[in-house]
1. Mind grabbing the accessible area of Val130 for me, 1.4 Å probe, Å², rounded to tens?
2. According to the Cα gyration tensor, what semi-axes, each the square root of 5 times an eigenvalue, does the equivalent ellipsoid of segment 110-167 have, listed from largest to smallest in whole Å?
3. Could you list the trypsin sites (Lys or Arg not before Pro) in segment 49-85 that lie in coil according to DSSP, counting only those with at most 13 other Cβ atoms within 10 Å of their Cβ?
4. With the other protein chains left in place, how much accessible area per residue, in square angstrom, belongs to the chain at a 1.4 angstrom probe?
5. What figure, in Å² to the nearest 10, do you get for the accessible area of Cys131 with a 1.4 Å probe and non-protein molecules left out?
6. Among [x] 12.3; [y] 11.1; [z] 13.9, only one was calculated for this model; which label is it, if the read-out is mean projected area of the Cα convex hull in nm²?
7. Given 0.36 nm per residue, what is the gain on full extension from Ser65 to Ile53 after removing their alpha carbon distance, in nm?
8. What percentage of the solvent-accessible surface of the chain, computed with a 1.4 Å probe over protein heavy atoms, is contributed by carbon and sulfur atoms?
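The values are calculated or read from the model by the stated rules, or taken from the named source; none is laboratory data. Note that the structure is a prediction, hence the values are computed from the model and not measured. Note that each Cβ is placed from the backbone with ideal geometry, even for glycine, and that neighbours are counted across all protein chains shown. With ligands, DNA and RNA removed, areas are computed over all heavy atoms of the protein, side chains included. Shrake-Rupley method; radii C 1.70, N 1.55, O 1.52, S 1.80 Å.
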Amino acid sequence: MMADYFHWFDLLGIAVFAISGTLAAWRNQMDGFGVIVLASVTAIGGGTLRDLILNAPVIWVNNNSYFYAIFIAAIGTILLVRNRLTIPHNTLQLFDALGLAFFVVMGTQKALDYGTSTMVAILLGTMSGVCGGMIRDVLCREVPMVFRGELYAVTCIVGGGVYTGLLALGASQLPAMLSGMIALLLLRLAAIKWQLTIPVFSKHHNELNEP
């Protein structure tokens, strides 16, 4: 039963991140090939890197369902945006936040399945969530979201921490998983809405402090 939940959560995360990549391609006026590339690297980039570090089978090599999820999500998104002249500014961030919520918790659990410590599992879960978006942003010649100061990686660590903490307290896996996802999603949405940030290096700040 839990294996079925994991598989569907994985596919949902793949689809949501594929939507995020498709929206980024649309915003940057890429062609059809660019859309598929950006949707794919956003959806599977983080999980691929995680699996390589764990020396685990890469999630999509022997499972075509991941590519079906990417293509369906990308094509559906293209059809929707073609019928709209504008897309709300925060739509990309919203889908990115949803993808984070799925991928971070699932990545954390996969790392635990391969015998890592809790801390390493949370870090690999965070990597699962952020690296696909980093690749997407680099290909779009943008500073990755994770480096822009607004709470991003911190929300991943919180989500992974809530999940592993509840497991340590004896909670069942599915409720702990949903709690971790919800905690991450709410914190990320709060960061987007209220522009919650962590301190960043500022050239202007340095110039003000020069003698």
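1. 10 Å²
2. Calculated on Cα positions only, the semi-axes equal 25, 13, 6 Å.
3. Arg84
4. Accessible area per residue: 54 Å².
5. Its heavy atoms expose roughly 20 Å² to the probe.
6. Correct label is [z].
7. Taking Ser65 through Ile53 to full extension adds about 2.0 nm, to one decimal.
8. 67 percent
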